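For reference, the structure discussed in these notes is given below.
The values are calculated or read from the model by the stated rules, or taken from the named source; none is laboratory data. Keep in mind the model is a prediction, meaning the values are calculated, not measured. Backbone-built Cβ (ideal geometry, glycine too); neighbour counts: all protein chains shown. Surface accessibility is based on the protein's heavy atoms, side chains included, excluding ligands, DNA and RNA. Shrake-Rupley method; radii C 1.70, N 1.55, O 1.52, S 1.80 Å.
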Amino acid sequence: MNINIFGSTGIIGRKTLELVDHFPKIKVNLLCAKSNSKLLNKQIYKYKPNYVFLFDIEKIKDINLKGSKTKILNFSELLSYLDSSKSNLSLLAISGYKSLYYLENIISNTDNLGLVSKEVVVSAGHIFKKKKYFSKTKIFPLDSEHFSLFDFFNKVNENYKFKRIFITASGGPFYKKKFKTLQNVKFSEAINHPKWKMGYKNSIDSATLVNKCLEIIEAHYLFDIPFEKINILIHPEAIVHSAIEYENYITHFNLFKNDMKIPIYNFLSNSKSVNKISYNKFELNYFNKLNFEEVKKDIFPIYKFFNSINKEIPQNLIKFNVGNEYAVNLFKNKIIKYTDIYKIIKKVTSLNLYSSVNNIKGIINYHEDLEKKLQNFKTFIN
């Protein structure tokens, strides 16, 4: 049994490889990374993959294959290889819409896809069911909220009718602080998540609550849940990941320790072979205090705006996502203030751009057209 990992040097890729050590029948076949050649070299030395791919072509010269049978693929070779081979497991953990460049080839290549990249579902979720080959690949959502729903729906009686679905949000570093007081927030403060360490993009999305807006889109597409039935709850302990309220007034909580290794472990368990793993089991004192609050508009105004847009139009969801990614990078580079992220998302989402997004190529073109419109950032700040 083999696994291809797209994003092997990122946080999720590293956690996956740590767990692969406990699955003796899983062979690491392909490692793909963005630019971290130093860490990729260490992964090549330890896991001896058959193939590697580095997106940053300037860093390829730093790859050390001395004494190794590993082959470096360029982009066209990677796509050709995926089209002509099969893998048992693939993990897609590349942030940003450019993960779409790989999507069709990965899906045609693999039996089981562990999906972490939000942009794939947000941008292309509306065509998942229109492509027959998507049905040949089992998709495992690995974000904790969607994994908890995925695990639940795979075990529960489908005849149970639910009234509402809740996904939870920790509240991020500015939980309980009014949005209008955050104008002078520094980048270092915005990425200082109180519960865990993530990449800067996910950390800031957690602070603004954009991550939960995107997760509503994911839940809608992954589980065919109407938007109006999906809600957000602020839950600072980050132990309950989702909740299902039934029409018979019973609510089911899905909870587990906030560790991404749990969803990844369950994904890898498809291999049916695992060495004993020492892991923290259920401990009552870990769950003895749980708090929940509704989202307050004066703390997270983006949620009110998100609820106001027409989410049945895929282009609106793509613009919302792209606008956020664009604004977060401006904030990272000290070009805008933290509170400007919200303003820019609103302006980008209002852009009049409605070209076809009925296939992956069209979606990629739509993203590129948006990027061209956003080249003059001053238009969206003033």
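The residues in the range 90-117 that are more than 16 Å from H146 (Cβ to Cβ) and aliphatic (A, V, I, L, M) can be counted, and the count is 5.
For the range 129-142, check the following and say yes or no: at least one residue is in a helix (DSSP H, G or I), open to solvent by less than 20 Å² (accessible area, probe 1.4 Å) and in contact with a strand residue (DSSP E or B) (Cβ under 6 Å, 6 or more places away or on another chain). Spell out the reasoning first.
First, pick out the residues of the range 129-142 that are in a helix (DSSP H, G or I): 129-130, 132-136.
Of the ones still in play, those that are also open to solvent by less than 20 Å² (accessible area, probe 1.4 Å) are 134.
Now narrow it down to the ones that are in contact with a strand residue (DSSP E or B) (Cβ under 6 Å, 6 or more places away or on another chain): none.
For the range 129-142, residues in a helix (DSSP H, G or I), open to solvent by less than 20 Å² (accessible area, probe 1.4 Å) and in contact with a strand residue (DSSP E or B) (Cβ under 6 Å, 6 or more places away or on another chain): absent.
Can you report the number of residues in the range 294-303 which are in a loop (DSSP other than H, G, I, E, B) and either within 19 Å of I230 (Cβ to Cβ) or within 21 Å of the chain's Cα centre (by Cα) (or both)?
Pass one, the range 294-303, residues in a loop (DSSP other than H, G, I, E, B): 295-300.
In the following step, the residues that additionally are either within 19 Å of I230 (Cβ to Cβ) or within 21 Å of the chain's Cα centre (by Cα) (or both) were identified as 295-297, 300.
The total comes to 4.
For the range 304-333, a residue qualifies if it is in a loop (DSSP other than H, G, I, E, B) and either in contact with a helix residue (DSSP H, G or I) (Cβ under 7 Å, 6 or more places away or on another chain) or of a type in the set (A, V, I, L, M, F, W, C) (or both), and the qualifying residues are I309, N310, K311, I313. Under the condition of being over 24 Å from G199 (Cα atoms) and of a type in the set (F, W, Y), the residues counted in the range 1-45 number 2. Considered as a group, the residues in the range 98-123 that are touching a strand residue (DSSP E or B) at 6+ places or on another chain (Cβ under 8 Å) and part of a helix (DSSP H, G or I) include one that is farthest from T137 (Cα to Cα), and that residue is S99. Looking across S95, S90, S123, S117, one residue alone is within 30 Å of K311 (Cα to Cα), modelled with pLDDT of 95 or more and not aliphatic (A, V, I, L, M). It is S90. Here is the figure for the range 249-264: residues that are surrounded by 14 or more Cβ atoms within 10 Å (Cβ to Cβ), free of Cβ contacts under 8 Å to residues at least 24 places away in the same chain and more than 23 Å from A93 (Cα to Cα) total 1.
Is it the case that N358 is under 22 Å from K212 (Cβ atoms), among the polar types (S, T, N, Q) and modelled with pLDDT under 95?
Numbers: under 22 Å from K212 (Cβ atoms): no; among the polar types (S, T, N, Q): yes; modelled with pLDDT under 95: yes.
For N358, the condition - under 22 Å from K212 (Cβ atoms), among the polar types (S, T, N, Q) and modelled with pLDDT under 95 - is not met.
Residues of the range 191-216 that are farther than 12 Å from E145 by Cβ and among the hydrophobic types (A, V, I, L, M, F, W, C): I191, W196, M198, I204, A207, L209, V210, C213. Residues in the range 61-100 that are among the small types (G, A, S) and touching an Asp or Glu at 6+ places or on another chain (Cβ under 9 Å) were compared, and the one that is most open to solvent (accessible area, probe 1.4 Å) is S95. Only a single item in (1) part of a strand (DSSP E or B); (2) small (G, A, S); (3) surrounded by fewer than 21 Cβ atoms within 10 Å (Cβ to Cβ) is not met by S242, and it is number (3). Within the range 201-255, the set of residues being among the β-branched types (V, I, T) and in contact with a helix residue (DSSP H, G or I) (Cβ under 8 Å, 6 or more places away or on another chain) comprises I204, T208, V210, I216, I217, I225, I230, I232, I239, I244.
Can you say whether K289 is assigned to a loop (DSSP other than H, G, I, E, B) and over 25 Å from K201 (Cβ atoms), as far as the supplied structure shows?
yes
Within the range 267-289, is even one residue among the basic types (K, R) and at pLDDT 90 or above? Steps first, please.
Quick first cut of the range 267-289, residues among the basic types (K, R) only: 272, 276, 281, 289.
Checking the rest, the ones that are also at pLDDT 90 or above come to none.
No: zero hits.
All of L330, L317, L284, L351 fail the test of being open to solvent by 60 Å² or more (accessible area, probe 1.4 Å), aliphatic (A, V, I, L, M) and out of contact with any Leu (no Cβ under 7 Å at 6 or more places or on another chain), apart from L284.
Look at the range 98-123: where a residue is more than 16 Å from F267 (Cβ to Cβ) and a partner is of a type in the set (G, A, S) and in a strand (DSSP E or B), sitting 6+ places away or on another chain with Cβ atoms under 8 Å, you get N109/S87; N109/S90.
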